[in-house]
1. Put a dot 7 Å past each Cα toward the Cβ at T193 and S78; how far apart are the dots in nm?
2. Between E298 and L440, what length comes free when the chain is fully extended (0.36 nm per residue of separation minus the Cα-Cα distance, one decimal in nm)?
3. Report the FRET efficiency, 1/(1 + (r/R0)^6), for S56 and D371, where r is their Cβ-Cβ distance and R0 is 22 Å, rounded to 0.05.
4. How much length would be gained if the chain were fully extended between T145 and Q331, taking 0.36 nm per residue of separation minus their Cα-Cα distance, in nm to one decimal?
5. For Y324, what residues show an amide H to amide H distance below 5 Å, using hydrogens built from the backbone and excluding near sequence neighbours?
6. Measuring with a 1.4 Å probe in the full set of protein chains, what accessible area per residue, in whole Å², belongs to region 182-276?
7. Can you work out the PRE-style zone for T115? Point 7 Å along Cα to Cβ, and I want the residues of region 30-55 with backbone N under 18 Å.
8. Roughly to the nearest percent, how much of the accessible area of region 135-222 is carbon and sulfur, given a 1.4 Å probe?
Amino acid sequence: MKGWMALVFCVVALAACVITTDAKELSITTIKEDPYAMSRGSELEGYCVDLISQLSKKLGFKYKLQLVKDNRYGAMDSSGNWNGMIGEVIRGEADLAVAPLTLTAVREQFVDMTTPFMQTGIGFILRKDLASEESTFGLLSPFSTDMWVGILIAFLLTGLCIFLVGRISPTEWAEPDTEKQSFTLLHSFWYITGALTLQGAGPHPKALSGRLISAIWWLFAILLLACYFGNLNSLLHSNNKRVSIKSFEDLANQDVIDYGTVEAGSTMMFFKNSNNPVYRRIYQHMERKKSFVSSTEEGVRRTQEGNFAFIGEAVSLDLVVARYCKLTRSQEVVAMRAYSIAAQQGSPLVKNLTIAILQLSESGELTYLRDKWWASSCVGADRPHTSEALQPHDLRGLFLLLGMGLGVGLLLALLELLSRARNQAKDGKKSCCSVLTSELNRRFGSGGEKAEQDSSDKSKA
């Protein structure tokens, strides 16, 4: 009998809960933070907005979403009063707080919180030039990898063009059957290498086409060296002001850049209440310098301006780094924590919300929402040209000049050979095309190779 009465009581209680949930429109407070809740015209969108929508579909409740009035998450002041979203829930101004709200022991004493819908920790972001280490190959740093590849390609093409001009031009090699070819492939590369060292290596080209390519390559080499040493000097001066910061201990042991976190947030409370000497020093520094910020947006803005590191939730900082390429997040993440939904103590909603969140997690819906709102390209990647490696597009005019010079040089060499072929055809009363073909075969066929071999044998003898 008692069992039946208990069952009836549970059914009645559950029905009352559902009726209450359906009848009452829930008031939900949140905070504007990218990508959890963002303005889209007169409405809000984001991870938490989609999460609320999914939960309402599962539990069948209606809701009204509003932004927290003081733009704070929630902390208790000296008089014991709570502000922010936690304060609104405690005072009954909101039924739920759905936001990147960290689950803490202090908050759990005054509100009920559901099972976490997202795991995170505490990290910090700063500019890449402050976080990077000095490279072992510092002499290569003035140019990017793409730039070095471009220079190598330019070197190979120029050496090949010098070689081709030396073979094609009659001024360089008039009689392939008897003369020795000066510009072999090996000597061509040696010649342009000498130009890179501003020394030169003889013999020098005699034909107009060869001299044109040589002059263009010398101009290319001089301007390239000027850019290299100019950027190297800039990098060396910037490295003198650089400090490598990769951990919270590195952050606490330096005084070059300032750092801070959101005022009155759970991250600030973690450093304030920590017994770890490093974390205590970090809080004391922030308290002494009054380096707290009012919001994550302000922290990101100050970090972009330089000489500032913003400390915050790692999952939020990951999105910032994905959108701003010149920023980086620390590899070290401390104080692993989680985001939960807050409700008034004793609220019947907490149990149902916890079950619904677990169902969304098991079905992969939470992972889908994370991928949806964290999938962002790198934007705003303005880089300081004075302290970063030069890219190929920075010197595209110089590469274009070299390419045009090589093309004109080869064209002149072909015109010289064509002029010689026409004169020979006129004297021998032959076809110009047959004479030109014969000349090309003598220079690039077996005839040219035999001439070089005979010259090599004579030199050995």
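1. Simple spin-label model gives 7.6 nm for this pair.
2. 44.1 nm
3. Using R0 = 22 Å, I get an efficiency of 0.55.
4. Between T145 and Q331, full extension yields 64.5 nm more.
5. V379
6. 50 Å²
7. Residues 51-52, 54-55 qualify, since their backbone N sits under 18 Å from the label point.
8. Carbon-and-sulfur percentage of accessible area, whole number: 71.
The values are calculated or read from the model by the stated rules, or taken from the named source; none is laboratory data. What you see is a predicted model, and the numbers here were worked out from it, not measured in a lab. Don't worry about glycine lacking a Cβ; one is built from the backbone with ideal geometry, like all the others, and counts go over all protein chains shown. All accessible areas refer to the heavy atoms of the entire protein, side chains included, with ligands and DNA or RNA removed. Shrake-Rupley method; radii C 1.70, N 1.55, O 1.52, S 1.80 Å.
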